[in-house]
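No lab work stands behind these numbers, since they all come straight from the coordinates. Everything numeric here is computed off the predicted structure, so don't read it as measured data. With ideal geometry, Cβ positions are generated from the backbone for all residues, glycine too; neighbour counts draw on all protein chains shown.
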Amino acid sequence: MLANKSDEQMIRGNRRRICRSAGFTLIELMVVMAIILVLLGIAVARYERAVLRAHETVLHSDLQAMREAIDNYTRDKEAAPQSLDDLVSAGYVRSVPIDPITHAKDWRTEFKDVVLSPDQSTTGITDVHSNSELISPFEGTPYSSW
């Protein structure tokens, strides 16, 4: 048994302190959740920008590859291709790539009366662009002008 009443009160006071410090208050939990949500919002925004940057990089790469294939086809065949499918059938590209911005094979082709060599017999496709009218947030220009 306890020696006196003050020892008993001290033990009860210690138990109360232990019980109070055993968990978190609702305010503490809400502060932690708010911090997590802010960090999650920042991460999602950065992820979306990274995905868009990757799509733009793929667009640049696809446009460069198709333009090289158009030039090579025109020099080799002495006639410009009449469609992008001509590049595939002649083996200059494996397939017409999907536009990473519009997610379709809806490239806008440009026809001009440009002759790359004196032996070229016909004109046809001279350039290719994205069909999207959206503006790049990184470069500030429409994708269709690339």
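Order by neighbour count: MET30, MET66, fewest other Cβ atoms within 10 Å first, most last.
Values: MET30 11, MET66 22.
Least to most surrounded, the residues fall as MET30, MET66.
With just the Cα atoms of the stretch 77-124, tell me how far they stretch along each of the three principal axes, in Å, largest first.
Largest first, the stretch 77-124 extends 38, 22, 12 Å along its Cα principal axes.
Under a point-charge model restricted to the Cβ atoms of Lys and Arg (+1) and Asp and Glu (-1), what is the dipole moment magnitude of the stretch 49-123 relative to its Cα centre, in debye to the nearest 20? Please report the intermediate quantities before stating the final value.
On the way: 9 positive and 13 negative charges, 69 e Å.
Dipole size: approximately 340 debye.
In whole Hz, with x marking every Gly and Pro, tabulate ³J(HN,Hα) for the stretch 44-50 from phi via Karplus 6.51 cos²θ - 1.76 cosθ + 1.60, θ = phi - 60°.
5, 4, 5, 5, 4, 5, 5
Within 12 Å, Cβ to Cβ, of LEU134, how many net charges do the neighbouring residues add up to if Lys/Arg are +1 and Asp/Glu are -1?
On the way: positive: none; negative: GLU56, ASP99, GLU133, GLU139.
Here the count lands on -4.
Picking from SER61, THR25, TYR47, whose Cα lies most toward the positive end of the charge dipole for the stretch 24-145 (charges on Cβ: Lys, Arg +1; Asp, Glu -1)?
Comparing the listed Cα positions along the dipole, THR25 ranks first.
Put a dot 7 Å past each Cα toward the Cβ at SER121 and ILE98; how far apart are the dots in nm?
The modelled label-to-label distance comes out at 3.7 nm.
Averaging over every viewing direction, what projected area does the convex hull of the Cα atoms of the stretch 24-145 cover, in nm²?
Numbers: hull surface 40.0 nm².
So the mean shadow area of the Cα hull is 10.0 nm².
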